[in-house]
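The values are calculated or read from the model by the stated rules, or taken from the named source; none is laboratory data. Keep in mind the model is a prediction, meaning the values are calculated, not measured. Virtual Cβ from ideal backbone geometry, glycine too; neighbours counted across all protein chains shown.
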Amino acid sequence: MHGPVSAAWLLVALCAATGASCLLRLRSGVDEQRRSAGGEALMGFGMAAMAVPAAVFSPPRWAWPVYAAVFGLAALRALWAMRRERHHLHHLVGTAAMVYMAVAMAAAPPAEHHMDGMAMAGMPGTGVPLVTGTLLLYFTGYVLLTGARLVPAAATAGGPAPGRWGDRPELARACRLSMAIGMIAMLLTM
């Protein structure tokens, strides 16, 4: 690896590929897959856009409030969807983390946006380490729990296999797992 810029590009590739696979899940014949796939695709592509190294593209100052607004709306949608399906709590935490990172970038002095790699600036004040640490603990726990559930799902799946690959529940879990890993990488740079 050649420093943080290489890591940033790997994160961009991971998040963009995850977003693309979530878009393909929108064509699923399973209602639950379609309902969550759009929000997950937004998360994947949003994370990929945030992870682009500042040396390549530095978004204008007005882009960060737009990110915060888009993911704030996605958080409200996840909150509303939690009435039906419990896994939307994870979507709510993920979109809230994206809002948090966008607000941190908007509050950062412009010079801090031009650091090498995917370094993100922290918000001034004492609450940032607590929020960042809490989010890191959540996503680390999520990765460990989901990873443990994903391995047995592929080995012990019973019953008939879904007709199309996009209908497979382990694909949705793998998408959420890869985005949680990407979220850990992004939060570590705060």
### Message
Residues that are in a helix (DSSP H, G or I) and over 21 Å from residue 8 (Cβ atoms): does segment 46-61 have at least one?
### Response
no
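Going residue by residue through segment 155-166, is there one that turns out to be modelled with pLDDT under 90, at positive phi, out of contact with any helix residue (DSSP H, G or I) (no Cβ under 8 Å at 6 or more places or on another chain) and in a loop (DSSP other than H, G, I, E, B)? Spell out how you get there, then give the answer.
Taking segment 155-166 as the starting set, the residues that turn out to be modelled with pLDDT under 90 are 155-166.
Going one step further and asking which of them are at positive phi, we end up with 159.
If we keep only those that are out of contact with any helix residue (DSSP H, G or I) (no Cβ under 8 Å at 6 or more places or on another chain) too, we end up with 159.
So of that shortlist, the ones also in a loop (DSSP other than H, G, I, E, B) come out as 159.
Checking segment 155-166: at least one residue is modelled with pLDDT under 90, at positive phi, out of contact with any helix residue (DSSP H, G or I) (no Cβ under 8 Å at 6 or more places or on another chain) and in a loop (DSSP other than H, G, I, E, B).
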### Query
Which of the residues belonging to segment 70-94 are closer than 20 Å to residue 134 by Cα, within 14 Å of the chain's Cα centre (by Cα), surrounded by 15 or more Cβ atoms within 10 Å (Cβ to Cβ) and among the hydrophobic types (A, V, I, L, M, F, W, C)?
71, 75, 78, 92, 93
### Summary
Selection over segment 18-45 where residues are within 25 Å of residue 68 (Cα to Cα) and in contact (Cβ under 8 Å) with a residue 12 or more places away in the chain yields a count of 18
### Task
Kindly indicate which of 69, 63, 48, 107 is without any contact (Cβ under 8 Å) to a residue 40 or more places away in the chain and farther than 21 Å from residue 189 by Cβ.
69
### Query
Is it the case that some residue within segment 48-68 is polar (S, T, N, Q) and at pLDDT 90 or above?
no
### Matching entry among 107, 97, 121 (being buried (at least 17 other Cβ atoms within 10 Å of the Cβ), among the hydrophobic types (A, V, I, L, M, F, W, C), at negative phi and at pLDDT 85 or above)
97
